[in-house]
Amino acid sequence: RTKYLDVEKANMEYVKQRKHKKSQQRRIIRRLLNLLGKILKEIRRMMREHNEQEVLTVREQSTLGIITKVYRQQKNHFDSNDPRESIPDRIVSTSKPYVRPIVRGKEVKNVEFGAKCNNIQVDGISFIEKLSFNAFNEGTRLGHCIKMHKRLFGVDAKKIGGDTGYAGTANRDLCKELGIQTSFVKRGRPSAEKKREEDYVRKELARVRATQMEGSFGTQKEHYAMRRIKARKKKTE
């Protein structure tokens, strides 16, 4: 009990400081982790001593398991002393343990939280090809998108527009093998030759993707009121 008050006071003094040295940061993190470890150990001891009584409800036991997992993740990360180390299946919310931090690299939001989806659009109609709370490289999903188009419409795709994330060597070779025209910028130095028909097709595909595909996200949020959906569970979020 006294230890909790001491750590709480030290933590309050730490957060009030504008600048923190690395040694100060590691010192307060060590104290917080040690305190959490002692609390978890004490709760487990009480549960063993009163195993016939309901010390915690089912929901509290579930939350305890999540907090224990968070403690182990952060303790291992602290002991490794590597700030760039990636924590697999990192939990960032005890109420939503399935949510993962996804690095987007945007200017406003470098990291986002929530489900990530790979979206395809055919003649203005959008379809979700893959949805996951774990980060994934959507550039590797082009082959699956082509198969999904074939399954939905019964015909092979002839033209594809995609951003630079899809313009990898494997996807270029796949589209060339299937005879699909793409919006991918040609590699190498720009040619001085007169533009051919395929160059105009490539430019038009890029324009349509940038206007219709990107614009559809705002349309779905604003005009279809998707922004108002207040999902709280993994199945509905």
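Read the figures in this text as sums done on the coordinates, not as results from a lab. Remember, predicted model here, so these are calculated numbers, not experimental data. Cβ: placed from backbone, ideal geometry, glycine included. Neighbour counts: every protein chain shown.
In terms of its Cα atoms, the stretch 125-226 spans 48, 29, 27 Å along the principal axes, sorted from long to short.
Of interest is the spacing of the C-alpha centroids, which for the stretch 162-231 and the stretch 13-43 amounts to 48 Å.
When +1 charges are put on Lys and Arg Cβ atoms and -1 charges on Asp and Glu Cβ atoms, the dipole computed for the chain relative to its Cα centre reaches about 800 debye.
Over all directions, average the projected area of the Cα convex hull of the stretch 68-207 and note it in nm². For the stretch 68-207, the mean projected area of the Cα convex hull comes to 12.6 nm². Taking a Cβ cut-off of under 15 Å around Lys176, the surrounding Lys, Arg, Asp and Glu residues balance to a net charge of +2, with basic ones at +1 and acidic ones at -1. Counting only Cβ charges, +1 for Lys and Arg and -1 for Asp and Glu, the dipole size of the stretch 119-237 around its Cα centre is about 420 debye.
Here the Karplus relation 6.51 cos²θ - 1.76 cosθ + 1.60, evaluated at θ = phi - 60°, turns the backbone of the stretch 36-48 into coupling constants of 5, x, 5, 5, 5, 5, 5, 5, 4, 5, 5, 5, 5 Hz, with x for every Gly and Pro.
Once the convex hull of the C-alpha atoms of the stretch 1-158 is built, how many Å³ does it hold per residue, rounded to a whole number? So the per-residue hull volume is 194 Å³. Here the relative contact order of the stretch 118-228, from alpha carbon pairs under 8 Å that lie six or more residues apart, stands at 21 percent.
What does the net charge come to around Cys145 if you take all other residues with beta carbon closer than 11 Å to its beta carbon, with K and R at +1 and D and E at -1? That sum, taken over residues with Cβ under 11 Å, equals +3.
The GluC sites (Glu not before Pro) of the stretch 42-73 that DSSP puts in a loop, and whose beta carbon has at most 14 other beta carbons within 10 Å, are Glu52, Glu54. Other residues whose C-beta falls under 14 angstrom from the C-beta of Gln74 contribute a net charge of +3, scoring Lys and Arg +1 and Asp and Glu -1. Over 20 Å between Cα atoms, which of Lys116/Lys158; Lys3/Lys38; Lys41/Lys234; Lys96/Lys235; Lys9/Lys69; Lys116/Lys150 qualify? Violating the 20 Å limit, Cα to Cα: Lys116/Lys158; Lys41/Lys234; Lys9/Lys69; Lys116/Lys150. Decide, for the stretch 2-80, between rounded, prolate and oblate: order the square roots of the alpha carbon gyration tensor eigenvalues as a ≥ b ≥ c, take rounded if a/c falls under 1.5, and otherwise choose prolate if a/b is larger than b/c, else oblate. Prolate is the answer for the stretch 2-80, as a/c is 1.5 or above and a/b outweighs b/c. For the chain, a Gaussian network of Cα nodes joined below 10 Å ranks Gly168, Gly215, Gly188 by mean-square fluctuation, and the top entry is Gly188.
Entry note, the stretch 1-85: relative contact order of 29 percent, from Cα contacts under 8 Å with a spacing of 6+ residues. Look at the alpha carbon pairs under 8 Å that are at least 6 residues apart: their mean separation over the length of the chain gives a relative contact order of 10 percent.
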